[in-house]
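Notes follow the structure.
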Amino acid sequence: MSSKSRKYTIPGQPSGSKYVFSFNEKGQIEGVKKQTKLGRPLRSIDPSSDEFDKVTSSSQALNAYNVHNNKGNKKNYKNSVEKASTEELNKNKEKESKKENNEEYITNDIEKPKSIAERRTEARTGSTGSTEEGYGGGGVKGSQLYAYPFDIDLQQDHLKISRYEYQRSSINASKPPTLEGADVENQGAPAQFDNVYQARVVEGGSVLGVLKGSVILPMPKVTDVNAADWGKSELNAQGMAAAGLASKLIGQPGETADERERRLKAFEELREQRAGEEAGSVRRKTTGAIYNQIVAKTAGLLLGTDLNADTVLARQGGTVLNPNAEMLFQGPALRDFTFKYRMIARNPDEGQMIRNIIRFLKLGMAPKFRSSTYLKSPDVFSLEYRRGKDESGILDTVNRFSPGGLALTSINTDYAPNSYWSAYQDSQPVEITMDLNFVELRPIYYNDQALTPTNSVGY
């Protein structure tokens, strides 16, 4: 029966590589395995390769050989290692390679190994408190985890939908995150959450509270549309005059106490002046375009017709009042996302998983009845395009979603997409299509985009 040494780092070999020596019953080296990265499985080295010769000729190999054969008795240490015959080395390599190719476990130095069957069972049952592949585990109460297909490889690109309890930190959940070193007063403070089940700190406006669970689905068709609402604005001469006057009377951010006092005094003087004017003084105090507008409007009212200054001026001299038209920013736009999934149950367990996913999403979007007077908001969601389980798993090659959360506004499930009923013996539909429509709860601001990785496409 063979035995193995501990892992050795050998100078001259690739950085991060570690080697394990195995010995036969005679104490000879019969094989060497290599690990290139922490958490990766050990793989056998070809005994006919130069790497095998260099590794087995190293001082680390000699140390492993002496420790194995002499059990710490340094008096019996030898100056060279003894290797098994070429035939035995090749036979051992073939045997170990078959084991490695048929492994059902991924041995990890950090996490307890799980078999594929165990991982499928956890995903299939959506067990409370599951942290399978780094997902779920939402605090004391835990969270549910569902996946379709239930043996989906999380090292491939996928969509993660997480469901949270709707929770507000302030009356304004539309605030962006704060940029370090910028004008914090005009950016808004970050929202914070802290409750008995889970502490959650969110940079920027968000209503994501306690994690209820997650759904893992294959990568969908990916599109995103970023928009801002701009609208046409027109101001004729009279409007421009009024706007100029208003700009002098409206307070500006950061004004001093003296500036505010002068502004209020000017406003009072204007109000007193207008209150003392007689109707007949309008003509004396207005000239040009403003006068023409008043005359045209008055004439139209006297004769019972709709008449404006543009009509009169155009007929008289081929001119019109300049509308001073331009496009002005009206406000941000909220984005919406639609996903379409076609799900086919390959066995009864996967059929149950599909039903679990549909029910989980329907529960999340349903309003909560409190009384005949009040309703509580439905749960909200966060979406991520991912590969892997840690924070670095978020994809940079496609868009991200608003950190403020999303609402699931509709779910359209078709249990007979082929226009006729087709089901298994347990009445599970053979094929189901599910259309999901999400809308972001707050806009995407400059601060959001600026804080995304520079090598990503942003939100």
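The values are calculated or read from the model by the stated rules, or taken from the named source; none is laboratory data. These figures come from a predicted structure and were not determined experimentally. FYI the Cβ positions are ideal-geometry reconstructions off the backbone, even for glycines, and counts take in every protein chain you see.
In the set Gly31, Gly72, which member is assigned to a loop (DSSP other than H, G, I, E, B) and either in contact with a Lys or Arg (Cβ under 8 Å, 6 or more places away or on another chain) or among the small types (Gly, Ala, Ser) (or both)?
Working: Gly31 fails: assigned to a loop (DSSP other than H, G, I, E, B).
Among Gly31, Gly72, only Gly72 is assigned to a loop (DSSP other than H, G, I, E, B) and either in contact with a Lys or Arg (Cβ under 8 Å, 6 or more places away or on another chain) or among the small types (Gly, Ala, Ser) (or both).
Limited to segment 191-237, what total is found for residues that are farther than 19 Å from Ala407 by Cβ and either at pLDDT below 50 or among the acidic types (Asp, Glu) (or both)?
11
Considering segment 418-436 alone, what residues qualify as being surrounded by fewer than 15 Cβ atoms within 10 Å (Cβ to Cβ) and of a type outside the set (Phe, Trp, Tyr)? Working first, answer last.
Here is the first cut: in segment 418-436, the residues surrounded by fewer than 15 Cβ atoms within 10 Å (Cβ to Cβ) are 418-427, 435.
Matches in segment 418-436: Asn418, Ser419, Ser422, Ala423, Gln425, Asp426, Ser427, Asp435.
Quick check on my filter: what residues within segment 365-396 are farther than 20 Å from Ala173 by Cα and surrounded by 11 or more Cβ atoms within 10 Å (Cβ to Cβ)?
First, pick out the residues of segment 365-396 that are farther than 20 Å from Ala173 by Cα: 366, 368-374, 384-396.
Hits for segment 365-396 are Ala366, Lys368, Glu384, Tyr385, Arg386, Arg387, Gly388, Lys389, Gly393, Ile394, Leu395, Asp396.
For Asn66, work out the one condition from (1) touching a helix residue (DSSP H, G or I) at 6+ places or on another chain (Cβ under 6 Å); (2) of a type outside the set (A, V, I, L, M, F, W, C); (3) farther than 24 Å from Lys99 by Cα it doesn't fulfil.
Failed condition: (1).
Sort through Phe52, Phe21 and tell me the only one that's in a helix (DSSP H, G or I), at pLDDT 85 or above and within 48 Å of the chain's Cα centre (by Cα). Outline the logic, then answer.
Details: Phe21 fails: in a helix (DSSP H, G or I).
Of the residues listed, the single one that is in a helix (DSSP H, G or I), at pLDDT 85 or above and within 48 Å of the chain's Cα centre (by Cα) is Phe52.
Here is a yes/no grid of residues against (1) touching a Cys at 6+ places or on another chain (Cβ under 9 Å); (2) surrounded by fewer than 13 Cβ atoms within 10 Å (Cβ to Cβ); (3) of a type in the set (Gly, Ala, Ser); (4) at pLDDT below 90:
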site: Pro11; (1), (2), (3), (4): no, yes, no, yes
site: Ser17; (1), (2), (3), (4): no, no, yes, yes
site: Gly27; (1), (2), (3), (4): no, no, yes, yes
site: Val32; (1), (2), (3), (4): no, no, no, no
site: Leu42; (1), (2), (3), (4): no, no, no, yes
site: Asp46; (1), (2), (3), (4): no, no, no, no
site: Ser58; (1), (2), (3), (4): no, no, yes, no
site: Leu62; (1), (2), (3), (4): no, no, no, no
site: Asn69; (1), (2), (3), (4): no, no, no, yes
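Quick check: is even one residue across segment 143-160 part of a loop (DSSP other than H, G, I, E, B), in the same structural domain as Leu441 (by TED's automatic domain parsing), crowded, with 19+ Cβ neighbours inside 10 Å and at pLDDT below 70?
Of the residues in segment 143-160, the ones part of a loop (DSSP other than H, G, I, E, B) are 143, 148-157.
With the extra rule that they be in the same structural domain as Leu441 (by TED's automatic domain parsing), the set shrinks to 143, 148-157.
Next cut, crowded, with 19+ Cβ neighbours inside 10 Å only: 143, 148, 150, 154.
So of that shortlist, the ones also at pLDDT below 70 come out as 143.
Scanning segment 143-160, I find at least one residue that is part of a loop (DSSP other than H, G, I, E, B), in the same structural domain as Leu441 (by TED's automatic domain parsing), crowded, with 19+ Cβ neighbours inside 10 Å and at pLDDT below 70, so the answer is yes.
Within segment 75-93, can you find the residues that are crowded, with 16+ Cβ neighbours inside 10 Å and outside any helix (DSSP H, G or I)?
Step one: of segment 75-93, the residues crowded, with 16+ Cβ neighbours inside 10 Å are 81, 83-84, 88-89, 92-93.
The answer is Val81, Lys83, Ala84.
All but one of (1) within 25 Å of the chain's Cα centre (by Cα); (2) among the hydrophobic types (A, V, I, L, M, F, W, C); (3) closer than 19 Å to Met219 by Cα hold for Ile432, so report the exception by its number.
So the condition that Ile432 fails would be (1).
Filtering segment 340-357 down to residues that are hydrophobic (A, V, I, L, M, F, W, C) and crowded, with 17+ Cβ neighbours inside 10 Å, which residue is nearest to the chain's Cα centre (by Cα)?
In the first step, residues of segment 340-357 are kept if they are hydrophobic (A, V, I, L, M, F, W, C); the result is 343-345, 353-354, 357.
Next cut, crowded, with 17+ Cβ neighbours inside 10 Å only: 343, 345, 353-354, 357.
Values: Met343: 24, Ala345: 28, Met353: 24, Ile354: 23, Ile357: 20 Å.
Among those that are hydrophobic (A, V, I, L, M, F, W, C) and crowded, with 17+ Cβ neighbours inside 10 Å, it is Ile357.
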